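Taking it in order: structure first as structure tokens, then the write-up.
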Amino acid sequence: MDIIKTNNLTKNFDGLTAVDTISFSVKKGEIFGFLGPNGAGKTTTIKMLTTLLHPTKGSAEIAGFDITGSRDKVRRNIGVVFQEPALDIELTGGENLEYHARMYGLNRNKRKTRIDDVLNLVDLEDKKNVIVKNYSGGMKRRLEIARGLMHYPTVLFLDEPTLGLDAQTRRAIWNYIGKMNKEEGTTIFLTTHYMDEADFLCDRIGIIDHGKILVIDSVTNLKNSVGNDVITLSCSDMVKLVKRLEEESWISNIEQHETFVTLGVEKGEEKIPVIIEIAQSLNIRIKSISVRKPTLDDVFLHFTGRTMRDQET
Amino acid sequence: MKSVEFQAIYIMWLRQMKRFVRSKSRLVSSIVQPLFFLFILGSGFRVATFAGVDDYLSFLAPGIIAMAILFSSMFTGISVLWDKQFGFLQEVLVAPVSRFSIIIGRTLGGATVALIQGIIILLIALSLGVKVSGIFGLLLTFVFMTLIAFTAVGFGLVLASKMEDFQGFQLIMNLLIMPLLFLSSAFFPVTANPTMKTISYFNPLFYMVDGLRGSLIIGTATVNSPMLDLLVVLVICFIMMGLGSYFFSKCEV
């Protein structure tokens, strides 16, 4: 069942097209990600889906409700964790949750237990009566995730959920998101520019750039579509080795960088010994050699011609 | 309106109250500043004589009360800008609560806070011997105080919806509100100077201060009858709240 459906969703800002006729759907219970660099249109898309922005053209439905026609019904079914913190820092964690509960009409009995439950889920029970001003960045983000879940939403939207957090907190938040998805069956829609995040969490990913969706597929399929294992090596005479390797048919691409060479091959782990033999036959000493599976960076490069890192500089 | 809307209004009202009580600096300055004005101007100008003014302190007190309520309520309206800057507004707007309820909740909260401050100043003025008209006069005073509060919150909402940050707010305060306040007869009668008198007819604050004074104080001639002032202030209040609601309902984060 499609819990999110968009149809040619478009948003223009004074001549700038931030989101350009995107159409996609998300199945109930899956973790779906929008992966793209800053400025790709991810936040604008989320704002439209969460009824904070009116689309210029096109439409979308969440849990069967139209985002322009039935805004309140949509809002009841979604939880949102924004990119910037949306907490009242003068209130305590518990009070922020209480505020949310009342705004969403949770009755009194449910309220108290639910507040404790969600705080437990994100390990913040002991911070319930602490003023949010005194929370760390990671704690604030966890509190927002807890808050997004308060009213048992069908879909939880997360806009760059681990932006600006340290590695340990990021892992912890990934675990909470995964737990929510498994235990409560919440569909997750997240946006990110982190490869590892999309890779770790998502069932399916849409790659978005300049407001357009380039491809949507499962993470595995995307990586397989790029096809190649990547062998990276450095040696005593790169030019000579590269020249020789160009004659081999099982190498699909060779790139010479300043201090190393990358090769695209199938079954990289079986090709390493072959390369070493070739090098030895030419009296070239291999200094280092490694093989890795393609990452989403390679996927992005494949579909856009640029890596995300190039994009950002 | 569904009960969930009432719940939402209640919690938004409660949030305004909590924030006020927890902000020690706001608590103190909101009482101390008007009191400074009351004491310093009151004793300083005691020896001056204005036509039609028996006791300057009694003349001044309603002006100070109006000022306190005005500033406090505007601050509430403008605090929407805080929420916008700190991101909390997103949480408010994404909730399944009508914009109407959001505005009501905020306005009621702000008005309650402002009225509390106004009453404290009133009590202090009473203790200083300000001559007050009877029960009916006091009731009418509360009506004026409430209307002033609502109007000022509405005005704050208009500003908050149209501005991106606080720079513009400072400008409006200094170039618009302060002059209007001084020309409202809060601190001195405006009848003596014909130009000022003409301006005062176009000054919404004038009707508020004049009406408050007419209801609260005996023995001081006011320019208009309190009832006329009440009518004008009612109209201004409706217009301002309407504008505030309209602009707030249109604002996007």
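Check off (1) touching a helix residue (DSSP H, G or I) at 6+ places or on another chain (Cβ under 7 Å); (2) at pLDDT 85 or above for A:Lys223 and give me the number that stays unchecked.
Status for A:Lys223: all satisfied but (2).
Say whether the condition of being closer than 23 Å to A:Leu87 by Cβ, in contact with a Ser or Thr (Cβ under 7 Å, 6 or more places away or on another chain), charged (D, E, K, R) and within 14 Å of chain A (Cβ to nearest Cβ) is met by at least one residue in the range B:65-88.
For the range B:65-88, residues closer than 23 Å to A:Leu87 by Cβ, in contact with a Ser or Thr (Cβ under 7 Å, 6 or more places away or on another chain), charged (D, E, K, R) and within 14 Å of chain A (Cβ to nearest Cβ): absent.
In the range B:95-134, which residue that is in contact with a Gly (Cβ under 9 Å, 6 or more places away or on another chain) and at the interface with chain A (Cβ under 8 Å from one of its Cβ atoms) is farthest from B:Leu159 (Cα to Cα)?
This residue is B:Pro96.
Give me a count of the residues in the range A:40-70 that are of a type in the set (D, E, K, R) and either within 14 Å of chain B (Cβ to nearest Cβ) or under 17 Å from A:Thr191 (Cβ atoms) (or both). Reasoning before the result, please.
Of the range A:40-70, the ones of a type in the set (D, E, K, R) are A:42, A:47, A:57, A:61, A:66.
Right, trim to either within 14 Å of chain B (Cβ to nearest Cβ) or under 17 Å from A:Thr191 (Cβ atoms) (or both) and you get A:42, A:47.
Qualifying residue count for the region: 2.
So for the range B:209-224 (the condition being surrounded by fewer than 20 Cβ atoms within 10 Å (Cβ to Cβ) and either within 19 Å of the chain's Cα centre (by Cα) or without any contact (Cβ under 8 Å) to a residue 24 or more places away in the chain (or both)), does at least one residue qualify?
yes
Just for the range A:273-302: of the residues that are among the charged types (D, E, K, R) and touching an Asp or Glu at 6+ places or on another chain (Cβ under 8 Å), which one is farthest from A:Met195 (Cα to Cα)?
First, the residues of the range A:273-302 that are among the charged types (D, E, K, R): A:277, A:285, A:287, A:292-293, A:297-298.
Of the ones still in play, those that are also touching an Asp or Glu at 6+ places or on another chain (Cβ under 8 Å) are A:292-293.
On the way: A:Arg292: 15, A:Lys293: 14 Å.
Per the criteria, the residue is A:Arg292.
Across the range B:3-31, what is the total count of residues that are facing chain A (nearest Cβ under 8 Å) and either of a type in the set (Gly, Ala, Ser) or outside any helix (DSSP H, G or I) (or both)?
Residues that pass the stated criteria total 3.
Quickly run through the range A:228-267 and pick out the residues that are in contact (Cβ under 8 Å) with a residue 40 or more places away in the chain, in a helix (DSSP H, G or I) and touching a strand residue (DSSP E or B) at 6+ places or on another chain (Cβ under 9 Å).
Pass one, the range A:228-267, residues in contact (Cβ under 8 Å) with a residue 40 or more places away in the chain: A:228-237, A:240-241.
From what is left, the residues that are in a helix (DSSP H, G or I) are A:240-241.
Hit for the range A:228-267 is A:Leu241, nothing else.
Of the residues A:Asp123, A:Asp116, which single one is at positive phi, more than 22 Å from the chain's Cα centre (by Cα), of a type in the set (Asp, Glu) and away from chain B (no Cβ under 13 Å)? Spell out how you get there, then give the answer.
Details: A:Asp116 fails: at positive phi.
Of A:Asp123, A:Asp116, the one residue that is at positive phi, more than 22 Å from the chain's Cα centre (by Cα), of a type in the set (Asp, Glu) and away from chain B (no Cβ under 13 Å) is A:Asp123.
Does the range A:40-51 contain any residue that is part of a strand (DSSP E or B) and either farther than 29 Å from B:Phe6 by Cα or not assigned by TED's automatic domain parsing to the domain that holds A:Gly148 (or both)? I'd like the intermediate steps shown before the answer.
Taking the range A:40-51 as the starting set, the residues that turn out to be part of a strand (DSSP E or B) are none.
No, the range A:40-51 has no match at all.
Determine whether A:Thr17 is more than 12 Å from chain B (Cβ to nearest Cβ) and touching a residue at least 24 places away in the same chain (Cβ under 8 Å).
On the way: more than 12 Å from chain B (Cβ to nearest Cβ): yes; touching a residue at least 24 places away in the same chain (Cβ under 8 Å): yes.
Considered against the rule, which asks whether it is more than 12 Å from chain B (Cβ to nearest Cβ) and touching a residue at least 24 places away in the same chain (Cβ under 8 Å), A:Thr17 comes out as yes.
Would you be able to tell me the number of residues in the range A:107-158 that are crowded, with 17+ Cβ neighbours inside 10 Å, aliphatic (A, V, I, L, M) and either part of a loop (DSSP other than H, G, I, E, B) or in contact with a strand residue (DSSP E or B) (Cβ under 8 Å, 6 or more places away or on another chain) (or both)?
Of the residues in that region, 9 qualify.
For the range A:71-99, what are the residues that are surrounded by fewer than 23 Cβ atoms within 10 Å (Cβ to Cβ), facing another protein chain (nearest Cβ under 7 Å) and not in a loop (DSSP other than H, G, I, E, B)?
Residues satisfying the conditions are A:Asp72, A:Arg76.
If I go through the range A:100-113 residue by residue, how many of them are among the basic types (Lys, Arg) and within 11 Å of chain B (Cβ to nearest Cβ)? Give the steps one after another, and end with the answer.
Of the range A:100-113, the ones among the basic types (Lys, Arg) are A:102, A:108, A:110-112.
Now narrow it down to the ones that are within 11 Å of chain B (Cβ to nearest Cβ): A:102, A:108, A:111.
Total meeting the criteria: 3.
For A:Pro55, state whether it is out of contact with any Phe, Trp or Tyr (no Cβ under 8 Å at 6 or more places or on another chain) and either surrounded by fewer than 18 Cβ atoms within 10 Å (Cβ to Cβ) or in a loop (DSSP other than H, G, I, E, B) (or both).
Criteria met by A:Pro55.
The values are calculated or read from the model by the stated rules, or taken from the named source; none is laboratory data. Just so you know, these numbers come straight off a predicted model, no measurement behind them. Reconstructed Cβ throughout: ideal geometry from the backbone, glycine too, with neighbour counts over all protein chains shown.
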